[in-house]
1. How big, in percent, is the set of alpha carbon pairs in the stretch 283-325 lying more than 13 Å apart?
2. Tell me, what is the percent relative contact order of the stretch 2-157, built from C-alpha pairs under 8 Å that lie six or more residues apart?
3. List the GluC sites (Glu not before Pro) within the stretch 152-246 that fall in a DSSP loop (any state other than H, G, I, E or B) and whose Cβ has at most 11 other Cβ atoms within 10 Å.
4. Along the charge dipole of the chain, Cβ charges K/R +1 and D/E -1, which of VAL11, LEU226, SER137 sits furthest on the positive end?
5. What is the sum of charges around PHE90, taking Lys and Arg as +1, Asp and Glu as -1, for the other residues whose C-beta is under 15 Å from the C-beta of PHE90?
6. How large are Rg and Dmax for the stretch 210-363 when only the alpha carbon atoms are used, in Å?
7. Hey, which lysines would be in cross-link range of LYS324, C-alpha to C-alpha under 17 Å, not counting anything within fewer than 8 residues on its own chain?
8. Please enumerate, by chain and number, the lysines with C-alpha under 18 Å from the C-alpha of LYS252, excluding those fewer than 8 residues away in the same chain.
Amino acid sequence: MRTHTVEDLTVTLEKEGADRYIKISYPLRYGVYSEVRTPDDTFQFNLNGEIKTIQGHGRGWLDASEWLKRTVGNDWIYFSAGGYTGAYDFIGEYYVPCLSYDTNAVLFSDRFNSSDVAEAFNAWHQLRDRLARLDLSALDPKLAEFFGRVIEMGPAQLENRARQFHDIIGGEVSVLPPDTRHVEYDVIPVIVADGCLYNCGFCRVKSGNKFTLRPAENIIDQIQALNEFYGRDLKNYNSIFLGQHDALFAGKDVLAFAARKAYEGLAIEQSKMKEPRLFLFGSVDSILQSEEGVFDMLNRLPFYTYINIGLESADADTFRFIEKPLTPKKVKKAFTRMMAVNQTYSNIEITANFIYGADLPEPHLPSIIDLTRNNLDHFHSKGTIYISPLENIGSKEKMRQEFTEFKKLCRLPCYIYLIQRL
Ligand code: SF4
């Protein structure tokens, strides 16, 4: 790490942040990054020179403990600390990651329309313009090289990079599992299968295609291309998302192949970030059809694995209403299996989602309380339940009250699912 002063800029190259993800009530940066501080703002860049975070200080915009973060898909997320008390109780994190989705508006207002955020982006553009006017040949070569990368990675180039990223994996990741919050959504996606089993009527993230496995060569090609794409910044990643909507249905051999190839091909062992994680989605049918050998294999991988299952409800009327071909009996069996896997395997946590909406049939909420309370004789710390808000949640206040009530009754950790894409 080396600090340089250029005019009123303080520049720190290859600064070391935390080497594992932790839940903490002040802003913490992870991995290795370079930083430029101006009197008003702090800009952090990844090792490719791409803007990573912007945080303000002393000018009134952006609370000093809040920040903007750019994803590899070129979305900006506003990490909000305030505006609503009890963020941790609601989402399990000290900061609410605000991506501009309507269904995420349960806990926060849209920060992206604020003049503070517009000023933050302007400040970044002004910084790049300023760096472009410097005589780089007069600077320390490492500093000049870093400035060169920052100048090159302007908005058009970042858009191109996001397109290239989506081309590699064959399209956008329309939704990440809620458990990826544990690594601040910093996952490398490797797609093992497209489509899903049910193509439910209510779902807004589905592709509409039937479940189709990717060939092994495609998985290998993705991993090789992702290695090149992330380049210098690869060492800041320790987590893989095996996509898309039901990787568990891909079965033991495909999952073992993809996870092991990703671990090697994306140099997870050499990552600056410790405690590698693997994330995937499953479904009621995939968990019920999975042989025990699948979980046995996952448990022995060099990752801690999170599998998120969309249970949605435990009420037959609700399944008809949302056009999902499931029954309460099947959901109960899937829930029982989820709890058994969680108790058997120390390196796996299966979590589940249930929907929340103002228009859902009345028995919906009582059905999920019954499932997650009366089927368990005590509180379990593994098996987080996520409540996923639909488009129409009705009154936000009522939703918060009902969520709080549910959380008290549920015998599992319980949080709201804030959708993030990549
Ligand atoms: S909820 Fe899951 S299974 Fe249903 S359509 Fe959406 S992605 Fe597919």
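The values are calculated or read from the model by the stated rules, or taken from the named source; none is laboratory data. Keep in mind it's a predicted model, so treat the numbers as computed, not measured. Here the Cβ is made from the backbone with ideal geometry for all residues, glycine too, and neighbour counts use every protein chain on show. Side chains included, ligands, DNA and RNA excluded: accessible areas come from the protein's heavy atoms. Shrake-Rupley method; radii C 1.70, N 1.55, O 1.52, S 1.80 Å.
1. Details: 582 of 903 pairs.
Taking all Cα-Cα pairs of the stretch 283-325, the fraction more than 13 Å apart is 64 percent.
2. Across the stretch 2-157, relative contact order equals 16 percent.
3. Of the GluC sites (Glu not before Pro), not one in the loops of the stretch 152-246 has a Cβ with at most 11 other Cβ atoms within 10 Å.
4. Of the options given, the answer is LEU226.
5. On the way: positive: LYS23, ARG181, LYS396, LYS398, ARG400, LYS407, LYS408; negative: ASP89, GLU93, GLU397, GLU402, GLU405.
Taking every Cβ under 15 Å from that of PHE90, the sum is +2.
6. In Å, with Rg to one decimal and Dmax whole: 17.3, 53.
7. LYS206, LYS210, LYS332, LYS333
8. Straight-distance partners of LYS252: LYS261.
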